[in-house]
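Peer 1: Got a structure for you, questions after.
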Amino acid sequence: MGYMTASQAAKKWNISQRRVQILCAENRIKGTFKLGEAWAIPEDAVKPEDNRKVRKENEKKTKRH
């Protein structure tokens with residue numbers, strides 16, 4: 001199995017490197033581990049759903065009513 005860095009995952013998933021690091025730290029990406037200061041992420045890892053978007057959409061709906 002191959003691994004990618006947080007930077008590579010960020011480019012693949014079109015999100016920031018910092019966001020990938022946060023997802024790793026929160027154990028939201030299966031199979032990740034740290035090598036020193038760097039995260040190792042399985043190449044076949046799936047991008048976790050972004051729960052923040054759901055909250056923003058709900059706030060918009062609430063403001064309209």
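Peer 1: How much length is gained on full extension from ARG19 to GLU43, taking 0.36 nm per residue of separation minus their Cα-Cα distance? Show your work: numbers first, answer last.
Peer 2: Details: separation 24, 0.36 × 24 = 8.64 nm, distance 1.71 nm.
This chain segment gains 6.9 nm when fully extended.
Peer 1: Simple spin-label model, 7 Å along Cα-to-Cβ: GLU26 to ASP50 in nm?
Peer 2: Spacing of the two 7 Å Cα→Cβ label points: 1.2 nm.
Just so you know, all these numbers are worked out from the coordinates, no wet-lab data involved. Computed from a predicted model, the values in this text were never measured in an experiment. Because the Cβ atoms are built from the backbone with ideal geometry, glycine has one as well, and the counts that use them run over all protein chains shown.
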